[in-house]
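The values are calculated or read from the model by the stated rules, or taken from the named source; none is laboratory data. Remember, it's a predicted structure, so these values are computed and weren't measured experimentally. Here the Cβ positions follow ideal geometry from the backbone for every residue, glycine too, while neighbour counts run over all protein chains shown. Heads up: the accessible areas ignore ligands, DNA and RNA and are worked out on the full protein's heavy atoms, side chains in. Shrake-Rupley method; radii C 1.70, N 1.55, O 1.52, S 1.80 Å.
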Amino acid sequence: MLNGDYNDAINFGATLERDHPGVGMFSHHILDALFALGKTEADFDWSEPPSIVRLDRGVTDDCYAFLRPKRKPRTLFDFHTELWLHHYVAFSDDELLHYLQRDERFVVNGDSPVNAEISAARKRKKAEQ
């Protein structure tokens with residue numbers, strides 16, 4: 001992978017993936033190489049297909065469900081460890097941060113994925129008239 005030999009990386013990863021199906025480290029290695037070649041996960045014959053998380057409404061729904069009961073803001077690292085630890089995440093932290101910033105359900109303090117703190121926007125109770 002580091003040398004840009006993506007086809008070799010896929011071939012090497014394929015051997016490991018077939019010997020150890022379901023081990024995320026090997027499937028993630030193959031996915032990195034496939035995506036670098038402009039391919040998708042459908043372009044590989046998996047022993048056990050990997051779980052891939054793509055940036056969509058489901059991701060923000062999961063983030064909101066995770067944050068809603070929490071009082072303290074959380075970091076992007078918290079999302080990775082609590083929600084997607086065993087999945088291949090097909091988006092960058094920058095992309096996720098910008099996606100959350102555009103969703104009114106979230107309060108995002110900070111512009112950097114490293115130090116941003118995210119919380120669920122609290123709904124204010126309307127005063128009775």
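When we screen GLY38, GLY58 for residues that are out of contact with any strand residue (DSSP E or B) (no Cβ under 9 Å at 6 or more places or on another chain), in the same structural domain as ASP111 (by the TED database) and among the small types (Gly, Ala, Ser), the only hit is GLY58. Inside region 71-91, residues that are surrounded by 12 or more Cβ atoms within 10 Å (Cβ to Cβ) and not aliphatic (A, V, I, L, M) make up a count of 11. Selection of region 93-110 for residues being closer than 19 Å to SER51 by Cβ and open to solvent by less than 50 Å² (accessible area, probe 1.4 Å) yields only LEU96. Taking the criterion of being open to solvent by 40 Å² or more (accessible area, probe 1.4 Å), more than 16 Å from ALA90 (Cβ to Cβ) and not in a loop (DSSP other than H, G, I, E, B), the residues of region 7-52 that qualify are ASN7, ASP8, ASN11, PHE12, THR15, LEU16, ARG18, ASP19, MET25.
Looking only at residues of region 103-129 that are at pLDDT 85 or above, among the small types (Gly, Ala, Ser) and assigned to a loop (DSSP other than H, G, I, E, B), we find that the one that is farthest from TYR64 (Cα to Cα) is SER112. With respect to (1) in contact (Cβ under 8 Å) with a residue 60 or more places away in the chain; (2) open to solvent by less than 60 Å² (accessible area, probe 1.4 Å), the lone exception for PRO113 is condition (1). Within region 43-54, is even one residue farther than 30 Å from ARG18 by Cβ, touching a Lys or Arg at 6+ places or on another chain (Cβ under 8 Å) and either touching a residue at least 12 places away in the same chain (Cβ under 8 Å) or of a type in the set (Lys, Arg) (or both)? No - not one qualifying residue is present in region 43-54.
Residue pairs whose Cβ atoms lie under 7 Å apart, sitting 6 or more positions apart in sequence or on different chains, and linking a residue in region 64-83 that is among the basic types (Lys, Arg) to a partner that is buried (at least 16 other Cβ atoms within 10 Å of the Cβ), are ARG68/ALA120; ARG74/LEU67; ARG74/ILE118.
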